[in-house]
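Student: Dropping the structure in here first, questions after.
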Protein chains: 2
Amino acid sequence: MRVALLGTGIMGAPMAANLARAGLAVTVWNRTADKAKPLADLGAIVAPDPASAVAGADAVITMLADGPTVDAVLFGPGGAAAALKDGALVVDMSSIPPATAKAHAARLAERGCGYLDAPVSGGEVGAKAGTLAIMAGGTAADFARAAPLFAPLGKATHVGPAGSGQVAKLANQAIVGITIGAVAEALLLAEAAGADPAAVRQALMGGFADSRILQVHGNRMVERTFVPGGKVSTQVKDMATIVGVARDLGLELPFSELGSALFAALEARGEGLRDHSALFLELARRNGRA
Amino acid sequence: MRVALLGTGIMGAPMAANLARAGLAVTVWNRTADKAKPLADLGAIVAPDPASAVAGADAVITMLADGPTVDAVLFGPGGAAAALKDGALVVDMSSIPPATAKAHAARLAERGCGYLDAPVSGGEVGAKAGTLAIMAGGTAADFARAAPLFAPLGKATHVGPAGSGQVAKLANQAIVGITIGAVAEALLLAEAAGADPAAVRQALMGGFADSRILQVHGNRMVERTFVPGGKVSTQVKDMATIVGVARDLGLELPFSELGSALFAALEARGEGLRDHSALFLELARRNGRA
């Protein structure tokens with residue numbers, strides 16, 4: 001299987017490496033070409049532009065910053081879509097709004113190409129280890145075709161029609177953002193009431209309050225280390241998309257709206273580059289306890 | 001070690017059984033005596049009132065419904081406190097407000113008795129299996145004395161001075177209640193946006209959104225089974241205590257306040273006896289999707 005991977009950034013580069021190590025014929029492209037070059041050592045071909053990268057490819061993976069970037073790389077001047085071979089499969093693993101993903105699916109279907117939106121959770125660590133959680137939207141047939149692509153990257157789940165992968169990613173981000181708020185308030189209450197927050201976190205692990213967020217982000221709150229991990233600015237963008245999608249659907253999601261407002265306030269203090277567990281600081285400051 | 005256990009309800013009865021099986025000399029008392037009698041088969045002595053239950057005991061465990069009940073059983077007419085032997089240790093494993101626990105600690109100290117507040121998480125299943133998460137507040141010396149009592153019941157963590165165990169339990173309940181809200185909103189968004197909520201839950205497990213609540217309560221939401229488990233009415237009581245304690249400390253905890261209001265609204269619809277995962281229904285109904 002010949003595969004092109006467009007976007008060899010923090011996530012895309014280790015993903016391309018894992019595909020190459022799995023024996024796939026990989027061509028890569030990146031806007032900043034320097035980031036793609038090291039992949040040549042693993043046998044990947046480095047292409048000078050998206051169109052030449054995807055020429056002849058059976059499948060194309062995009063791993064880009066946001067919806068407008070995917071738009072430009074696929075459909076902009078010199079974009080990949082016009083160069084796709086008939087019946088090629090595009091797998092967009094970027095995190096973009098569900099409506100944009102659906103529009104891309106429709107435009108590619110017109111060209112006779114398959115499409116999956118397949119954003120991931122697990123970060124750089126998961127990308128390197130090949131243990132990403134992959135949430136895939138599209139047809140069952142396209143999901144089946146993508147199996148050899150997903151296998152070296154992590155665990156893929158088919159969650160519904162095109163756009164559903166992005167919806168699942170938003171569901172993921174809503175839970176992550178709100179649970180960070182829950183753990184922050186619990187540890188703040190513990191501290192203010194005279195208990196030992198580190199011991200409280202320890203006591204709660206293994207019970208019904210246990211979560212990856214309590215384990216990982218709770219520890220960052222106790223230690224007051226807010227080094228990313230996942231950035232506040234990313235959480236702000238994702239929570240805004242969640243609230244926007246919910247409004248378009250006529251949904252009122254009060255915990256998500258509260259989380260969106262609090263993360264935005266934290267970013268407005270100039271702390272967008274901290275780890276999202278820094279929501280603890282926002283709540284602490286509002287209570288004069290930072 | 002001679003131990004008295006006051007309150008052999010759903011939690012207290014299996015705890016008393018585990019203490020007896022561990023070889024401790026156990027005396028039990030329960031307001032409804034019928035619930036205590038089966039423990040006699042395990043060698044426990046069934047006492048007719050709290051005072052005679054605690055006479056001669058080295059340690060007394062209370063496992064009762066709420067603060068006023070613990071008040072009455074310890075300090076009411078014919079209560080246990082007056083009958084305690086010098087230096088006895090009282091371990092209150094009920095879930096009561098931290099201020100009440102601190103007051104009990106002070107009154108027992110005046111009588112020369114030790115005290116721990118040691119509420120639990122893990123429910124009836126954990127009580128039977130001896131796998132409760134025990135959050136203990138009090139002195140390090142009293143915590144060390146309680147080790148042989150805690151060992152047959154679960155895993156105990158010392159979280160601070162008297163009252164801190166109750167604070168940790170509130171922290172636990174805040175995280176549980178808010179995380180239920182997070183998972184409910186995520187699944188509601190997934191469903192409304194056309195994804196498969198069961199597949200989305202599956203895809204999210206193992207990632208940063210994973211939690212005991214996503215695993216257990218998320219499944220109840222997907223299956224629309226809201227059989228307790230933990231009751232809405234208990235969550236309402238706990239969230240009200242959390243908000244009350246926070247206000248007394250001058251703390252603003254917006255996620256907890258939102259959760260408190262939503263659980264109260266659900267109970268006001270007459271659904272207090274459902275599992276607390278039924279918060280999904282409250283959010284669904286507000287969006288015309290129940």
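Student: Each residue of the range B:108-117 in order: what ³J(HN,Hα) in whole Hz does its phi give by Karplus 6.51 cos²θ - 1.76 cosθ + 1.60, θ = phi - 60°, with x for Gly and Pro?
Tutor: Per-residue couplings from phi come out as 6, 4, 4, 8, x, 10, x, 8, 10, 9 Hz.
Student: From the backbone phi of the range B:93-103, what are the Karplus-calculated ³J(HN,Hα) couplings (6.51 cos²θ - 1.76 cosθ + 1.60, θ = phi - 60°) in whole Hz, Gly and Pro given as x?
Tutor: Whole-Hz 3J(HN,Hα) from phi for the range B:93-103: 9, 5, 9, 9, x, x, 5, 5, 4, 4, 5.
Student: Angle between the Cα long axis of helix B:254-268 and the longest principal axis of chain B, 0 to 90 degrees, nearest 10?
Tutor: 90 degrees
Student: Using a ≥ b ≥ c from the Cα gyration tensor of the range A:2-161 (square roots of the eigenvalues), is it rounded, prolate or oblate, where a/c under 1.5 gives rounded and otherwise the larger of a/b and b/c decides, a/b for prolate?
Tutor: Taking the square roots of the gyration eigenvalues as a ≥ b ≥ c, the range A:2-161 is rounded.
Student: To the nearest Å, what is the center-to-center distance of the range B:150-228 and the range B:260-281, using C-alpha atoms only?
Tutor: 15 Å
Student: Exceeding 24 Å between C-alpha atoms, which entries from my cross-link table qualify? They are A:37/A:102; A:155/B:169; B:102/B:128; A:102/A:128; A:35/A:102; A:35/A:128.
Tutor: Listed pairs above 24 Å: A:37/A:102; A:155/B:169; B:102/B:128; A:102/A:128; A:35/A:102.
Student: How crowded by other chains is B:282-289, given as the mean number of beta carbons from other chains within 10 Å of each beta carbon?
Tutor: So the per-residue partner count for this stretch is 3.
Student: Shielding by partners for A:159-167, please: the mean number of other protein chain Cβ atoms within 10 Å of each residue's Cβ.
Tutor: 6
Student: Mind giving me the nanometre distance, one decimal, between the label points for residue A:219 and residue B:103, set 7 Å out from Cα along Cα→Cβ?
Tutor: So the label points at residue A:219 and residue B:103 sit 4.1 nm apart.
Student: For B:260, A:277, A:52, which order do you get if you count the other beta carbons within 10 Å of each Cβ and list the fewest first?
Tutor: A:52, B:260, A:277
Student: Excluding same-chain residues fewer than 8 positions from residue B:237, which aspartates and glutamates have a Cα within less than 13 Å of its Cα?
Tutor: B:66, B:257, B:267
Student: What does the helix-only formula give at 222 nm for the protein assembly as shown: each DSSP H stretch with n ≥ 4 adding -39500 (n - 2.57), the total divided by the residues, and the result rounded to the nearest 500 deg cm²/dmol?
Tutor: So the helix-based figure for the protein assembly as shown works out to -14000 deg cm²/dmol.
Student: Moving to a separate point now. Kindly write out, for the range A:182-188 in residue order, the coupling ³J(HN,Hα) from the Karplus curve 6.51 cos²θ - 1.76 cosθ + 1.60 (θ = phi - 60°), rounded to whole Hz, with x marking Gly and Pro.
Tutor: Those phi angles translate into 4, 5, 4, 5, 5, 6, 5 Hz.
Student: Using a/c under 1.5 as the rounded threshold, could you call the protein assembly as shown rounded, prolate or oblate? The axes a ≥ b ≥ c are square roots of the C-alpha gyration tensor eigenvalues, and prolate needs a/b larger than b/c, oblate otherwise.
Tutor: prolate
Student: Helix A:232-248 sits at what angle to the longest principal axis of chain A, using alpha carbons and giving 0 to 90 degrees rounded to 10?
Tutor: Computed tilt is about 80 degrees.
Student: Please compute, for peptide A:240-252, the average count of beta-carbon atoms on other protein chains lying within 10 Å of each residue's beta-carbon.
Tutor: Taking the mean over all residues of the peptide, I get 3.
Student: Let me ask something else about it. On a 0 to 90° scale, report how tilted helix A:12-21 is relative to the longest principal axis of chain A, with both axes built from alpha carbons and the result rounded to the nearest 10.
Tutor: 60 degrees
Any read-out appearing in this document is the output of simple, stated calculations on the displayed coordinates, not a laboratory observation. Model, not experiment: these values are computed from the prediction. Using ideal geometry, Cβ is built from the backbone for each residue, glycine included, and neighbour counts are taken over all protein chains shown.
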